[in-house]
Each structure stands twice: as structure tokens, then as C-alpha cells.
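For reference, the structure discussed in these notes is given below.
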Amino acid sequence: MSKICILGNGCAGKTTLGKKLSKDLSLPFFEMDEKLKFLKTTPFPTRQQIRHFSRELNKLLDKDKWVIEGWGYRETYEDRFKKADIIILLDVPFQLCLERCHKRLGTNNLEILKRGVTKLNIFDKHVRPLLLKLIQKYKHEPEKIIIQIDENFKYEDILGQINLDVEAMKKHNNKQSEYQTKF
């Protein structure tokens, strides 16, 4: 298991979790906001901009190993679900993300705070429901590990769940291989 996709609202902990998993599992880390931010030029992208972003994202997704986190365009979510071995949704409550956002921005400038709140709202109202549908679609695929966690997660529990699920998948795949070779 070497392709981990982390999704969640702003200030949910995606980058922190991604960097830790990257380090502990010796996987390259890609923060979409950093790696592909040059491709996100307008709040209302054209189809051409989305296709270009998708092509660049797929160059990352086609690598053998990765931990990737971030939003990007919603047209690219399913590509990440298809190519990831492990999908982690940080399902942190809106209010906590809002408090963290205010702290991170470190300002009382209403215009800056308004933009932060707007972004968090967009995720909560539009992106999260789409991700939950994708989780339902992919949760029964035996080669995928899907972990949905809240703000109370413990990092060690995530590592443990990944390792346990990987071992179970290996056993399942070995049984299939044995069955296929018998007949």
C-alpha cells in the first residue's frame, strides 16, 4: 500500500497528517495547494483550466508511491479515489475548522476572515457531500482502505488501522492467488 489520499476541510489537519505518514512510511508527500497552486487561477475555472489541472494531478497520481492531500477541483476527486490504495477523510466539525482557521490567519481583518469562512463553508456544503458519496461508492472494493476520522483521532490508531487492513488485504489476495493456481 503506497498511495494515500487525504481529504478534509481547511484546517482539519490534512497537511500535518500527510507529512507524518509520508515520513513514517517513507512515501513522497505532495501538498496539492503547494504543488499545483499555479494552476488554480480563478474561482470559476474554465473546462480548459480544469483539464490542465487534472493532467498535472494525474502525473503525480501515476507515480508508484505518494501521500497527497488537498482539495483541487471536484472533477478530480474520483481520479484520486480510483488511484489511491488508502483514502482518509478528516471529517472534522465545521466549528473546529473555523476556530483553527481564525487562529491560523492570525488577524481580525474582516475581509480575510470572510474569505476563510467562505472556503470552509464551500467544503462543508458542497465538497463533503460529494466525498461521502464517493466513499459509499468505493468502500466495498477489497483493494481500498477507507478511513473516516474525526478530530479525536490518534495518529497511532491510523497507522495501526492501515497496517491491519494491509495485512488483511494481503491474506485475501494470497487466498485468491492460491485459488486461481489450483484451477
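Okay, here's what the table says:
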| read-out | value |
| --- | --- |
| Test result for TYR73, without any contact (Cβ under 8 Å) to a residue 60 or more places away in the chain, touching a Pro at 6+ places or on another chain (Cβ under 7 Å) and among the hydroxyl-bearing types (Ser, Thr, Tyr) | yes |
| Residue match in region 17-24 (condition: in contact (Cβ under 8 Å) with a residue 40 or more places away in the chain, of a type outside the set (Phe, Trp, Tyr), open to solvent by less than 30 Å² (accessible area, probe 1.4 Å) and under 21 Å from LEU132 (Cα atoms)) | yes |
| Number of the condition not met by LYS59 [criteria: (1) surrounded by fewer than 16 Cβ atoms within 10 Å (Cβ to Cβ); (2) at pLDDT below 90; (3) among the charged types (D, E, K, R)] | (2) |
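Here is a yes/no grid of residues against (1) over 12 Å from ILE88 (Cβ atoms); (2) surrounded by 12 or more Cβ atoms within 10 Å (Cβ to Cβ); (3) out of contact with any Pro (no Cβ under 9 Å at 6 or more places or on another chain):
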residue	(1), (2), (3)
LEU110	yes, no, yes
LYS114	yes, no, yes
ILE122	yes, yes, yes
LEU131	no, yes, yes
LEU134	yes, yes, yes
ILE146	no, yes, yes
GLU151	yes, yes, no
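The values are calculated or read from the model by the stated rules, or taken from the named source; none is laboratory data. Only a predicted model underlies this, so the values are computations on that prediction, with no experimental measurement involved. Cβ coordinates were reconstructed from backbone atoms using ideal geometry, including for glycine residues, and neighbour counts include every protein chain displayed. Just the protein is used for accessible areas: all its heavy atoms, side chains included, with ligands, DNA and RNA removed. Shrake-Rupley method; radii C 1.70, N 1.55, O 1.52, S 1.80 Å.
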